[in-house]
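The values are calculated or read from the model by the stated rules, or taken from the named source; none is laboratory data. Quantities reported herein were computed from a predicted structural model and do not represent experimental measurements. Here Cβ is always computed from backbone atoms with ideal geometry, including for glycine, and neighbour counts include all displayed protein chains.
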Amino acid sequence: MVRTDENRQERLDSPKGMRTRVLPTRRRGRGDTFGRATEGIARAMGTPWFLVGLTLFCVVWMGYNTLAPKPWQFDSAAIGFTALTLVLSLQASYAAPLILLAQNRQDDRDRVQFEQDRQRAERNLADTEYLAREVVALRLAMRDMASKDFIRAELRSLLEELDRRDADDAGFADEPGTSARG
């Protein structure tokens with residue numbers, strides 16, 4: 001059996017490991033790798049460890065370029081650590097868009113979650129209304145049903161009537177020339 005999609009042909013009559021592919025296929029979930037990576041970077045930039053690491057990087061950079069022999073220095077303190085300023089500016093210029101991308105993805109997730117919550121609330125409301133209607137219908141049906149007291153009263157009246165009949169039949173049977181069952 002062969003299943004054909006737009007971009008691929010998958011053989012279902014051979015084990016998965018033995019299928020040969022001429023062109024690499026795109027796996028599910030890999031299209032979002034960049035977005036997940038930007039969120040990871042943005043999340044890492046918001047930690048105290050990132051600030052500690054960045055501070056240590058700057059201290060080491062400035063210490064090396066201040067205390068190292070002149071031929072080994074690559075960023076002079078005399079001109080205000082220009083290379084360090086450029087590196088930090090580059091880091092900041094990439095950090096802002098990465099943080100915005102991560103926020104946009106979070107907004108999209110929040111929007112989807114909000115929609116799912118709204119749909120769930122609508123279903124819960126519909127279920128609650130249905131159950132309320134069912135309870136009302138049961139209450140109305142219960143009014144038409146006989147209660148224990150009603151059934152007991154009816155049985156008592158039937159027993160009294162049967163006792164009266166038995167008494168009448170017993171009195172009628174005592175008369176000469178008649179039978180108990182008329």
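Of note:
- Criterion violated by residue 144 - all others in (1) surrounded by 10 or more Cβ atoms within 10 Å (Cβ to Cβ); (2) more than 30 Å from residue 54 (Cα to Cα) satisfied: (1)
- Candidate set from the stretch 52-93 (those that are surrounded by 12 or more Cβ atoms within 10 Å (Cβ to Cβ) and among the aromatic types (Phe, Trp, Tyr)); member that is nearest to the chain's Cα centre (by Cα): 57
- Considered as a group, the residues in the stretch 52-78 that are of a type in the set (S, T, N, Q) and in a loop (DSSP other than H, G, I, E, B) include one that is nearest to residue 91 (Cα to Cα), and that residue is 76.
- Residue 136 being part of a helix (DSSP H, G or I) and at pLDDT below 95: yes
- Residue match in the stretch 7-23 (condition: surrounded by 10 or more Cβ atoms within 10 Å (Cβ to Cβ) and either modelled with pLDDT of 90 or more or among the acidic types (Asp, Glu) (or both)): yes
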